[in-house]
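**Q** Quick one: the structure is below, questions incoming.
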Amino acid sequence: MKTTWSLDAIYKGLDDPAFLKDWEELPGKIEEFNAFTKQELGSGNVENPVGKIEKYLTMELALSDTAVKLGAYFSLTLSTDSTNNEIARYEGQ
């Protein structure tokens, strides 16, 4: 019976191009989401409500998918090695 598990299904490591892409894109997704909600949802403009809701949901899903994936990777990596300072540094940002 195999008693080890791998996080390769999430990311293969901190040098994985998928990790680096998600990590680099996350701040932009947050900024874009915040700007959209402020400009389009907080402006009182009620034109095209369906389009705005669709865009909001699409942006929110993309943002949360990336954030949850990164968070899961950090958490699971630290649960196996709480002394991993490199992961702790990323998680703290």
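**Q** Determine whether the stretch 9-17 contains at least one residue that is of a type outside the set (F, W, Y), part of a helix (DSSP H, G or I) and either in contact with a strand residue (DSSP E or B) (Cβ under 8 Å, 6 or more places away or on another chain) or touching a residue at least 24 places away in the same chain (Cβ under 8 Å) (or both).
**A** no
**Q** Kindly establish whether T77 is touching a residue at least 60 places away in the same chain (Cβ under 8 Å), open to solvent by less than 90 Å² (accessible area, probe 1.4 Å) and assigned to a helix (DSSP H, G or I).
**A** Yes; evaluated as a whole, the condition is true for this residue.
**Q** Checking the structure you have, find out if any residue of the stretch 81-92 is assigned to a helix (DSSP H, G or I), in contact with a Phe, Trp or Tyr (Cβ under 7 Å, 6 or more places away or on another chain) and either open to solvent by 80 Å² or more (accessible area, probe 1.4 Å) or small (G, A, S) (or both).
**A** yes
**Q** Regarding S64, is this residue polar (S, T, N, Q), in contact with a helix residue (DSSP H, G or I) (Cβ under 9 Å, 6 or more places away or on another chain) and within 27 Å of W5 (Cα to Cα)?
**A** no
**Q** Restrict the check to the stretch 22-39 and report whether at least one residue is in contact with an Asp or Glu (Cβ under 6 Å, 6 or more places away or on another chain) and either modelled with pLDDT under 90 or open to solvent by less than 80 Å² (accessible area, probe 1.4 Å) (or both).
**A** no
**Q** If I filter the stretch 60-67 for residues that are part of a helix (DSSP H, G or I), in contact (Cβ under 8 Å) with a residue 40 or more places away in the chain, of a type outside the set (F, W, Y) and open to solvent by less than 80 Å² (accessible area, probe 1.4 Å), do I get at least one hit?
**A** Yes, because at least one residue in the stretch 60-67 is part of a helix (DSSP H, G or I), in contact (Cβ under 8 Å) with a residue 40 or more places away in the chain, of a type outside the set (F, W, Y) and open to solvent by less than 80 Å² (accessible area, probe 1.4 Å).
**Q** Tell me, please, whether a residue that is assigned to a helix (DSSP H, G or I), open to solvent by 40 Å² or more (accessible area, probe 1.4 Å) and in contact with a helix residue (DSSP H, G or I) (Cβ under 8 Å, 6 or more places away or on another chain) can be found in the stretch 42-52.
**A** no
The values are calculated or read from the model by the stated rules, or taken from the named source; none is laboratory data. Note that this is a predicted model, so its numbers are computed, not measured. Cβ coordinates were reconstructed from backbone atoms using ideal geometry, including for glycine residues, and neighbour counts include every protein chain displayed. Note: accessible area is taken over every heavy atom of the protein model, side chains too, but ligands, DNA and RNA are not part of it. Shrake-Rupley method; radii C 1.70, N 1.55, O 1.52, S 1.80 Å.
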